[in-house]
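Q: Below is one structure. I have some questions about it.
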Amino acid sequence: MRALCLDIEGGFGGSSRSLYYILKHLPREHVQTTVWSKKAGPIQDLYAKESIPAQAAPNMPKVSSLPRFSRNLIVYSLFIREWLASKSFRETFYDALDTFDLVHFNHEALFWLARDMKSRKPKPATMHIRTNLWDSGFARWQCRIVNDSVDGLLFITENEQETFERHCGEKTSGHVLYNVAEANLDTIDPWPLNEEFLAGKKFLIGCLSNYSWYRGLDRIIELAEALKSRGRTDIGFVVAGDTSLTKSLPGALGEFGRAGLSLADYADHRGVSGSIEFLGHISEPERLLKSIDGLIKPTRENNPWGRDILEALAAGKPAFSVGRYDRFVETGVTGILQSTWDADTLASELARLADDRPAFEKMSKTATERIAELCDGRTQAQRLLDIWQGINTT
């Protein structure tokens with residue numbers, strides 16, 4: 001079988017890395033894959049090491065629904081222009097389909113391209129649903145188009161499947177396929193951190209995420225304040241990702257955004273800059289995992305199961321997040337999961353773990369074991385192959 005996989009990123013985000021980790025484990029005697037990514041980036045180098053053909057396709061059209069009606073009007077208006085500008089990509093794409101047996105759309109943001117392919121040049125197709133779209137008329141419309149345009153749906157957890165089916169108003173024959181996660185930290189060097197920042201720190205918590213209101217990285221500043229009030233300056237945070245602030249953010253964050261400032265400036269304003277090191281985007285997040293003790297995902301979307309969490313747990317780094325789904329992050333077992341955000345309570349828990357190394361090491365061991373069981377590369381790749389083969393033979 002020959003499969004073409006379309007990736008909306010280029011190694012800069014979780015969906016792109018998740019695709020890479022499952023494709024590298026596919027048995028080559030049964031399937032040959034080619035990857036087109038919207039962005040040129042580090043992912044092409046990783047694919048080259050695995051002898052998987054990969055190229056950048058910057059005009060690949062993508063769009064996805066947002067929570068607010070006004071925002072949807074804006075993004076879909078802009079998408080019309082993007083779609084028209086993608087004509088050369090689409091012609092190349094449809095010409096290339098003759099050499100492939102199946103197309104895998106790696107993100108629901110490719111839904112309009114999937115719809116166009118079905119009407120213009122039908123091909124067996126699967127789509128990976130990687131986010132929980134906020135409920136809106138646009139989201140329900142998007143999910144119905146996805147359901148009508150592909151032959152197989154893949155969901156990264158049960159949560160995405162439940163949300164998708166609720167938006168569609170019907171059950172699907174989709175498959176839950178947990179993202180592959182693995183940690184090979186023995187052969188890499190830790191990410192170099194500022195020596196002045198490290199002075200006096202005995203417990204480091206990392207965060208691997210670009211800033212958005214829904215991702216909640218500003219909550220780390222609340223947490224740093226709660227720790228500072230306890231005199232726990234020995235616990236520090238390292239944030240890797242773009243921390244630019246937008247003008248539309250609420251309260252003081254929006255004021256900083258309108259002034260062209262960042263989350264680092266906001267942390268300085270709140271008096272906790274000495275507790276947080278902001279790295280910006282880094283191309284090798286696994287090196288940061290080697291430098292930290294645990295990982296925080298202070299999400300306002302209550303989704304404690306992203307690529308950052310899986311990779312951290314695989315590396316034996318307990319995770320701290322918000323939500324109710326405890327398949328990966330489980331309080332007292334693989335980290336701390338709060339049903340609702342509470343900076344004061346979490347600060348107390350982090351201080352306790354920093355002082356109780358045996359309990360922390362037990363969490364670390366269990367985290368590694370859980371991901372090895374649920375997110376094994378060969379097992380998940382075989383499941384993907386079985387799904388593809390089933391679709392390709394019908």
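Q: If amide hydrogens are placed 1.01 Å from N in the peptide plane, which non-local residues have theirs closer than 5 Å to the one on L245?
A: Close amide H contacts, sequence-distant or interchain: L263.
Q: Return the loop-located trypsin sites (Lys or Arg not before Pro) in the stretch 81-178 (DSSP other than H, G, I, E, B) with at most 13 other Cβ atoms within 10 Å of their own Cβ; answer none if there are none.
A: Here the sparse-neighbourhood loop sites are K171.
Q: Could you list which residues have their amide H under 5 Å from that of H107, counting only those 5 or more apart in sequence or on another chain, with H placed in the peptide plane?
A: Result for H107 returns H128.
Q: Under 14 Å from the Cα of K362, which aspartates and glutamates turn up, not counting those fewer than eight places away in the same chain?
A: D293, E330
Q: Sticking with this structure for a sec: Pop the C-beta distance of A259 and R144 into the FRET formula with R0 = 30 Å and round what comes out to the nearest 0.05. Before the final figure, lay out each step's value.
A: On the way: r = 42 Å, r/R0 = 1.39.
The value I calculate is 0.10.
Q: For K118, which aspartates and glutamates qualify as cross-link partners when the Cα separation must be under 16 Å and same-chain residues fewer than eight apart are set aside?
A: List returned: E91, D95, D98, D101, E108, D148, D151.
Q: Now, a different point. For D355 and E91 in one chain, what is 0.36 nm times their gap in residues minus the Cα-Cα distance, to one decimal in nm?
A: Result: 89.0 nm gained on full extension.
Q: Further, regarding this structure: Run the accessible area of the stretch 295-335 with a 1.4 Å probe and give the carbon-and-sulfur part as a rounded percent.
A: On the way: 380 of 1080 Å².
Carbon-and-sulfur percentage of accessible area, whole number: 35.
Q: How many nm separate the modelled label positions at E82 and E195, each set 7 Å beyond the Cα in the direction of the Cβ?
A: 4.5
Q: Obtain the nm distance between the two label points defined at L73 and S119 by a simple spin-label model: each point lies 7 Å from its Cα along the Cα-to-C-beta direction.
A: 2.4
Q: Under the definition of Cα pairs under 8 Å and six or more residues apart, what whole-number percent is the relative contact order of the chain?
A: Relative contact order, the chain: 15 percent.
Q: Mind listing the Cα extents of the stretch 14-150 along all three principal axes, in Å, largest one first?
A: Over the stretch 14-150, Cα extents along the principal axes are 46, 29, 26 Å.
Q: Mind giving me the FRET efficiency for W134 and T345? R0 is 30 Å, r the Cβ-Cβ distance, nearest 0.05 is fine. Before the final figure, lay out each step's value.
A: Details: r = 27 Å, r/R0 = 0.90.
The computed FRET efficiency comes out at 0.65.
Q: May I ask you to give the solvent-accessible area per residue for the chain, in square angstrom, as obtained with a 1.4 angstrom probe?
A: Values: 16980 Å² over 394 residues.
On a per-residue basis, 43 Å².
Q: Over the alpha-carbon set of the chain, divide Rg by the Kirkwood Rh and report the Rg/Rh ratio to two decimals.
A: That ratio is 0.97, to two decimals.
Q: For K123, give me every one of the lysines with a C-alpha distance below 20 angstrom, ignoring sequence neighbours fewer than eight places off in its own chain.
A: K123 reaches K62, K87.
Q: Compute the angle between helix 69-85 and the longest alpha-carbon principal axis of the chain, please, reported from 0 to 90 degrees and rounded to the nearest 10.
A: It works out to around 50 degrees.
Q: Just the number, please: carbon plus sulfur as a percent of the accessible area of the stretch 175-214, 1.4 Å probe, no ligands or DNA/RNA counted.
A: The computed percentage sits at 49.
The values are calculated or read from the model by the stated rules, or taken from the named source; none is laboratory data. Predicted model only: the values in this text are computed from it and were never measured. Ideal geometry is used to build each Cβ from the backbone, glycine not excepted, and the neighbour counts take in all protein chains shown. SASA here: full protein model, heavy atoms, side chains in, ligands and nucleic acids out. Shrake-Rupley method; radii C 1.70, N 1.55, O 1.52, S 1.80 Å.
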